[in-house]
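The values are calculated or read from the model by the stated rules, or taken from the named source; none is laboratory data. In this text, all values refer to a predicted model and were calculated from it rather than measured experimentally. Heads up, the Cβs are rebuilt from the backbone with ideal geometry, glycines too, and the neighbour counts pull from every protein chain shown.
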Amino acid sequence: MISLAGGLPDPSRFPTDELATIAQAVLRSDGARTLQYGLTAGELDLRHHIVATTPAATSIDEVVVTTGSQQGLWLLAESLLDPGDTVVVSDPEYLGATQAFRRAGADLVSVPTDAEGLDVEMLEARLRAGTRPKFVYLVPHFHNPSGTTLSADRHTRLLALAEQHGFLVVFDDPYRDLQAEGPAPVEPSPHPMSVHLRSSSKILAPGLRVGWTVAPRWLAQAVERTKQAADLHTSTVSQAIVLGALTADWYPHHLDGLRDATRVKRDALCAALRGRLGDRVEFDRPSGGMFVWARVVGLADTPLATTDELLPAALDRGVAFVPGSAFAVDRDLSAHLRLSWATASAEELEVAVDRLAAAIDAA
Ligand SMILES: Cc1ncc(COP(=O)(O)O)c(C=O)c1O
C-alpha cells in the first residue's frame with residue numbers, strides 16, 4: 001500500500017540526531033527549569049525568538065505558545081466564538097479547523113478558492129449581502145487541501161475589508177516554509193485585525209507539539225486564559241528543544257533540504273499525474289506544501305461516480321488518497337481528491353499514480 005492520504009511529514013526528514021543532542025543538553029544543563037511547570041503563554045526565550053523572527057509580532061505579549069497550532073485554532077474558537085457566530089472559511093477547507101469552529105457552535109459561511117487563494121471578491125459580495133463574520137479563517141500558503149497560495153493583492157484587500165467591516169483574519173500558516181522554489185514567502189507586517197498561527201510540526205516534527213499564535217494583545221490575553229484552563233502550558237521540554245533547533249547552525253540547511261525534497265516530490269507527483277492520467281485529471285501545480293488537489297474529469301459518468309466510491313477500488317490496487325468530500329463545507333467536491341507527496345519517495349509516487357490511474361480507468 002502506498003499512501004498519498006496522510007497529512008504527515010516525511011519521517012526520514014526529521015532531524016532526529018540533532019534533536020536528540022539538543023534534548024540531552026536541555027535536560028542535563030537546564031533540567032530543573034525545563035522539567036518544572038512553566039508559563040501559560042510559553043517560555044520567555046522562545047517567545048522573544050518568535051518576536052525577533054516574526055515581523056507581525058511586536059511584543060512577547062502578543063505571542064502564546066500552543067500545543068501544536070491545532071490547539072491555537074481550538075483556543076481561538078473557544079475564546080472568540082459564541083454559538084451562532086459566523087466564521088468565514090474556504091471551500092474546500094482544512095478539517096481540523098472546521099471541526100474546531102463547529103464545536104464552538106459557529107455557523108460556517110464558505111467562500112470558494114481559486115488559483116490565487118480565497119476569492120476575496122466573493123467574500124466582499126457575501127459581506128455586502130449581510131454576512132457579519134467574527135473572523136475569516138484561511139491557510140495563506142500551500143493550503144491544505146487545495147494547495148493554493150493567497151496572492152499579495154488579495155491579502156491587502158482582505159485586510160482592508162477586515163478594517164472596514166470589523167472582523168479578524170486568522171492566517172493559519174503551518175506550510176509557509178515549504179516553498180518548492182524561489183524566495184521564502186514575504187512575512188506579513190503587524191496589523192490590528194490579523195492573527196497568525198505558526199507551527200514547528202512541518203519544519204521540525206509534529207510529535208514535539210509546539211505551535212504559536214500571534215494575536216493583538218487583548219486576544220492573546222484571552223487565548224492565554226483559555227489555555228490555562230485547557231492544559232496550563234505547552235511542554236517546557238518541547239519548547240526548549242524547538243528553540244534549540246530554530247537557533248541551531250544546522251537549521252537553515254535542514255530547511256533547504258525540506259524545500260528541495262518538496263520540489264522533487266511535487267514535480268514527480270505532478271509529472272506522473274500528467275503523464276499517466278492526462279486530461280482525466282485537472283489540477284494546478286502548487287508552489288509548495290504537501291498536497292495536490294485534483295478533480296477527476298468525467299468520474300460522475302462512470303459507475304463509481306465519486307471519489308468516495310473510487311477509494312475502495314484504489315485501496316484494492318494499493319494506493320490511498322483522501323476523497324474531496326472530506327474537506328467540503330458547502331460545495332459538491334465528490335469528484336475531487338487530495339494527494340500528499342510528503343511521505344512517499346519519488347519512485348513510489350510514480351507507482352502510486354499508476355495504481356490510481358488503473359483504478360480510474362476501470363471505474
Ligand atoms: C492547515 C493546518 N493547520 C493546522 C494544522 C495542525 O498542525 P499542528 O497542530 O501539528 O501544528 C494542520 C495539520 O496538518 C494543518 O494542515
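Here are some notes:
- Selection count, segment 174-186, where residues are out of contact with any strand residue (DSSP E or B) (no Cβ under 6 Å at 6 or more places or on another chain) and either within 16 Å of the ligand (Cβ to nearest atom) or modelled with pLDDT of 95 or more (or both): 4
- Candidates are the residues of segment 116-134 that are more than 17 Å from the chain's Cα centre (by Cα) and in contact (Cβ under 8 Å) with a residue 40 or more places away in the chain; the one that is farthest from the ligand (Cβ to nearest atom) is 132.
- First in segment 326-344 and touching a residue at least 40 places away in the same chain (Cβ under 8 Å) and closer than 14 Å to residue 295 by Cα, second anywhere and surrounded by fewer than 23 Cβ atoms within 10 Å (Cβ to Cβ) and basic (Lys, Arg), Cβ under 7 Å, 6 or more apart: 335/295; 336/295
- Members of segment 87-105 that are crowded, with 19+ Cβ neighbours inside 10 Å, away from the ligand (no atom under 12 Å from the Cβ) and not hydrophobic (A, V, I, L, M, F, W, C): 91
- Only one entry of 240, 230, 205 meets the criterion of being within 30 Å of residue 28 (Cβ to Cβ) and within 15 Å of the ligand (Cβ to nearest atom), and that entry is 205.
- Segment 243-266, subset in contact (Cβ under 8 Å) with a residue 60 or more places away in the chain and of a type in the set (D, E, K, R), residue nearest to residue 27 (Cα to Cα): 259
- Taking every residue in segment 69-80 that is under 16 Å from residue 218 (Cβ atoms) and pairing it with any residue that is at pLDDT below 95 and in a helix (DSSP H, G or I), at least 6 positions away or on another chain, yields no pair with a Cβ-Cβ distance below 8 Å.
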